[in-house]
Amino acid sequence: MPKANNYFDDAAKLQRIMSRTGSFPLTVVHDLLVRFAPKGAVVCDPFCGKGTTLLAARALHLDAYGIDVAPEAVICSAAKMTTIEPAALIEYIHHLPVRGGSPSEARPDVRLFFHPDTLRQLLAIRRRLLDDYQSASPDTRNCATFTLATLLGILHGHASHSISISSAHAFAMAPCYVRAYARDHHLKAPRRVVKDCLIKKALQCLPPRPLPRVRWAVKRGDAGDCLDLLPDLVGQVDIIITSPPYLDAQTYAKDNWLRHWLLGYDNALLRKAYLQTGSVDRYETTMSLVFRNLRESLKRDGLLICIAGDVRVGGPDREMYHTGRRLARLAAAGGFVIEQREVHRVPSLRRYYHALSATNGHIARALIERVFVARKSSP
């Protein structure tokens, strides 16, 4: 369908700031908001991931609020909601320190990914960015947030501006695999000027003009705690649009271990907070609680739109778990009336999990997203 305004292409540039497994296409959520969000709506995504829903809402001049348990997701989502002049961002990056870091500060599995000189720069820049991310100055904090998201986007990959040994963009590969592959194929970690790489990536993602300014917030935490994390939104949200984690289909903590190191998190501890389980009972119990609490955030007659895909679970036979159908039942039991079901087929790309080859690791495919639309029922 035609885009409702001329900000979609600008938003699409920002969407490329960081690759992450499990993301859904911007066009899907943008078109759903065009169809279902009332004028001036307040939008919320309690599983906001890398901020696709929030970005689409901003492109449509809608206030947007997100929650995610993953720290790299929170930073990426926040970066898409900030307003930054390209000249100011480039000046900020130019003034980042590149001295004072020592490769010995990093763990051996981290050192495997980087040239020693690149790692020295990375450690010094990382220290400043984490300090500035907490700054009381909004301008400094915004620049640090966007630069951190950009750094997360170039931390590993095989682009000319990626700073690691050639590897996947969307997730950090296991050190033992990278070590063996690098040995067998005589790969070396590249020596990079990290600030130049940051600027190159940032200029690829920054739109030529700022997106609309809207009210927004992104909180790190569990979606089930939405009432505590965003208390001012209780009873104020017009539309919740989200794609919950699929049952045992994504390993977000494992996939982002290198990004978590960069942000100062213990990946082993962080993993416990994720909804990653092969237990249907645990998954559905958790999602039932989430839907009950989300209902309290919505206005009277507010909408919940859930995007979900089918996955295979279980033992050797790997039975199909129809996520959208099962989640719709849970939502109905939690005080929603299911009004509509849809299947979206979107031309997309699939990145090979073994993306260390000389190719760019993409093949074309049709991406299928199953959607249900539910309305908050009267008490």
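Please treat every number below as a calculation from the coordinates, not as lab data. Source: prediction; values computed, not measured. Cβ: placed from backbone, ideal geometry, glycine included. Neighbour counts: every protein chain shown.
Quick notes on this structure:
- Within segment 1-138, the percentage of alpha carbon pairs spaced more than 21 angstrom apart rounds to 54%.
- Net charge of Cβ neighbours under 14 Å - reference Ala87; Lys, Arg +1; Asp, Glu -1: -2
- nm² value of the averaged projected area, convex hull over the Cα atoms of segment 204-259: 6.7
- Cleavage-rule hits, trypsin sites (Lys or Arg not before Pro), segment 144-212, DSSP coil, Cβ neighbours within 10 Å at most 16: Lys188, Arg191
- Applying 1/(1 + (r/R0)^6) with r as the Cβ-Cβ distance of Thr83 and Leu269 and R0 = 25 angstrom yields a FRET efficiency of 0.15.
- Gain on full extension, evaluated as 0.36 nm per residue between Arg282 and Lys39 minus their Cα-Cα distance, stands at 83.7 nm.
- Between Arg111 and Gln236, full extension at 0.36 nm per residue minus the direct alpha carbon distance yields a gain of 40.3 nm.
- Approximate spin-label separation Leu289-Ala174, in nm, with each point projected 7 Å along Cα-to-Cβ: 3.1
- Mean separation of Cα contacts under 8 Å, 6 or more apart, over the residue count of the chain: relative contact order %: 18
- Over segment 108-241, volume per residue of the alpha carbon convex hull, in Å³: 168
- Highest-first arrangement of 328-335, 141-148, where packing means the average Cβ count within 10 Å: 141-148, 328-335
- Length released on extending from Leu187 to Asp228, taking residue separation times 0.36 nm less the Cα-Cα span: 9.9 nm
- Cβ-based net charge around Ser243, under 9 Å, with every Lys or Arg adding one and every Asp or Glu removing one: -2
- About the centre of its Cα atoms, the chain shows a dipole size close to 680 debye [charges on the beta carbon of Lys, Arg (+1) and Asp, Glu (-1) only; nearest 20 debye].
- Listed by chain and number, the aspartates and glutamates placed with their C-alpha closer than 20 angstrom to that of Lys200 are Asp9, Asp10, Glu85, Glu91, Asp117; residues fewer than eight positions away on the same chain are left out.
- Distance-filtered residues of segment 54-97 - backbone nitrogen under 16 Å, label point 7 angstrom along Arg209 Cα→Cβ: 59-61, 84-86
- Lys, Arg +1 and Asp, Glu -1 on Cβ, resulting dipole of segment 86-205 about Cα centre, debye, nearest 20: 320
- Taking the Cα centre of segment 176-236 as origin and assigning +1 to Lys and Arg Cβ atoms and -1 to Asp and Glu Cβ atoms, the resulting dipole is close to 660 debye.
- Selection from His115, Ser162, Leu187, by position along the positive dipole direction of segment 86-205 (Cβ): Leu187
- Equivalent ellipsoid dimensions for segment 68-185 as semi-axes, Å, which come from the Cα gyration tensor, largest first: 27, 16, 13
- 3J(HN,Hα) along segment 33-40, derived from phi through the Karplus expression 6.51 cos²θ - 1.76 cosθ + 1.60 where θ = phi - 60°, amounts to 5, 4, 7, 10, 7, x, 4, x Hz, with x in place of Gly and Pro.
- Angle in degrees between helix 116-132 and the longest Cα principal axis of the chain, rounded to the nearest 10: 50
- When the charge dipole of the chain is built from unit charges on Cβ atoms (+1 for Lys and Arg, -1 for Asp and Glu) and taken about the Cα centre, the candidate among Pro46, Leu62, Val178 whose Cα reaches farthest toward its positive end is Val178.
- Listed residue (Tyr283, Leu269, Gly334) projecting farthest to the positive dipole end of segment 196-340, Cβ model: Leu269
- Over 24 Å apart at the Cα level, from the set Lys195/Lys272; Lys13/Lys188; Lys39/Lys376; Lys50/Lys219; Lys13/Lys272, are Lys195/Lys272; Lys13/Lys188; Lys13/Lys272.
- Convex hull volume per residue for the chain, taking Cα atoms only, in Å³: 141
- Environment charge of Gly335, counting only residues whose C-beta is closer than 15 Å and scoring Lys/Arg +1, Asp/Glu -1: +4
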